[in-house]
Structures are given as C-alpha cells and as structure tokens.
Amino acid sequence: MGEAPICLIAGSKSDAEYVKRAEDVLSKLGLKYDVAYLSAHRNYEDLDIYVSNSKADVFIAIAGLSAHLPGYIASRTLKPVVGVPLNRALGGLDSLLSIVQMPRGVPVACVGVDNPENGALLAAEILALKDASILEKIALYRRGKL
C-alpha cells in the first residue's frame with residue numbers, strides 16, 4: 001500500500017474508467033504507481049491514514065461533483081497533488097473550480113476536465129525533476145511512439 005512513486009486516488013469506483021486511462025499512460029511510461037479508491041467525504045479517516053503512510057512522491061486525485069478530494073489530500077501532505085476534475089455536472093465546471101480555488105498555502109495542480117492522461121503526464125514530469133530518463137519516455141509518448 002502506497003509504496004510506488006505515484007499514487008492515483010479516486011473517490012469512487014464509478015471513476016474507474018478515468019483511473020484506467022491514467023494507468024495506461026503511466027504504464028506506457030514504465031512508471032510504478034498505486035491505485036486507491038478513498039472518499040474524502042465517506043471514509044476520510046482511511047484516506048488520512050493512506051496519505052500519511054504513502055511513500056508516493058506525487059498524488060493524482062480524480063474527482064467529480066464537489067471535487068473535494070484533491071484539496072483534501074493537499075491539506076494532508078506537502079507533496080505535489082494533481083487534480084483531475086470530472087464532468088459530473090455543469091460541464092465539469094463545479095469540479096474544476098473546486099480544485100483550482102484552493103486557499104493560499106494549499107496548492108493543487110489541475111489539468112483539464114475529464115483528462116486523466118494529462119494528470120499522469122504532469123505527475124511524470126514532476127518525477128522527471130529527479131530522474132531525467134523519464135523525460136525521454138514522455139517525449140516518445142507525446143510523439144505517439146509509446
């Protein structure tokens with residue numbers, strides 16, 4: 001649990017298709033990741049334990065509707081959090097705004113609505129700051145060669 005450098009967290013199994021899309025990118029890049037389904041609303045205590053025990057260098061949080069998950073995770077760690085807003089209502093605008101309107105001191109990166117692929121790529125770019133070999137894989141992916 002939580003041993004990989006990237007951790008994908010979704011609040012519900014109903015978000016599994018988006019998790020899978022992020023997993024596909026991370027797999028093509030050859031990056032290790034963990035997946036967890038934990039809600040900031042329904043089981044926040046388990047989420048707290050998971051985040052505090054995770055060895056991840058970066059979290060990808062996939063969330064729709066109020067999209068509380070990315071901000072909640074960011075408030076519990078000093079590690080980077082990438083939010084992926086989902087279109088569950090209002091064209092995804094409610095999710096997008098929930099993620100980007102965090103208070104000062106609790107940053108959350110945010111990618112486009114329904115775009116977990118970019119969430120995975122951003123997490124990979126963050127890891128590439130310590131491991132330049134990841135950049136080569138990202139470049140190949142962008143050119144459609146992976």
Checklist line | Rounded tilt (10° steps) of 133-142 against the dominant C-alpha axis of the chain | finding: 80
Next item on the list: Express in nm, to one decimal, how much length is gained between Arg143 and Ser66 on full extension, taking 0.36 nm for each residue of separation and deducting their alpha carbon distance.
Entry: 24.3 nm
Item checked: P(r) weight above 19 Å for the chain, C-alpha pairs, percent -> 46
Next item on the list: Please report the relative contact order for segment 5-146, taking Cα pairs under 8 Å with a sequence separation of at least 6, and give it as a percent rounded to a whole number.
Entry: 24
Next item on the list: Could you list which residues have their amide H under 5 Å from that of Ile62, counting only those 5 or more apart in sequence or on another chain, with H placed in the peptide plane?
Entry: Ile9, Ala10, Gly11, Val84
Margin query: If the elastic network links every pair of Cα atoms under 10 Å, which of Ile134, Ile73, Ile60 fluctuates the most in the Gaussian network model of the chain?
Written below: Ile134
Margin query: Give me the count of lysine pairs in segment 6-142 whose alpha carbons sit under 21 angstrom apart, restricted to pairs 8 or more positions apart or on different chains.
Written below: 13
Margin query: Per residue of segment 43-48, what does 6.51 cos²θ - 1.76 cosθ + 1.60 with θ = phi - 60° give for ³J(HN,Hα)? Whole Hz please, x for Gly and Pro, Karplus curve as stated.
Written below: 9, 4, 5, 5, 5, 4
Check: What 222 nm value per residue comes from the helices of the chain, counting each DSSP H run with n ≥ 4 as -39,500 (n - 2.57) and dividing by all residues, nearest 500 deg cm²/dmol?
Finding: -12500 deg cm²/dmol
Note to self: Output wanted: per-residue J couplings in Hz (rounded whole) for segment 4-12, from phi through Karplus 6.51 cos²θ - 1.76 cosθ + 1.60, θ = phi - 60°, x for Gly and Pro.
What the structure shows: 7, x, 10, 10, 8, 10, 10, x, 7
Next item on the list: Please give the helix 116-128 orientation as an angle from the longest Cα principal axis of the chain, in degrees from 0 to 90, rounded to the nearest 10.
Entry: 60
Notebook entry, point to check: Along segment 84-101, what does the Karplus equation 6.51 cos²θ - 1.76 cosθ + 1.60 (θ = phi - 60°) give for ³J(HN,Hα), rounded to whole Hz, x for Gly and Pro?
Noted result: 10, x, 10, 7, 10, 6, 6, x, x, 4, 4, 5, 4, 5, 4, 7, 7, 8
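A short reminder: the numbers here are calculations on the coordinates, not readings from a lab. In this text the structure is predicted, and so the values were computed from the model without any measurement.
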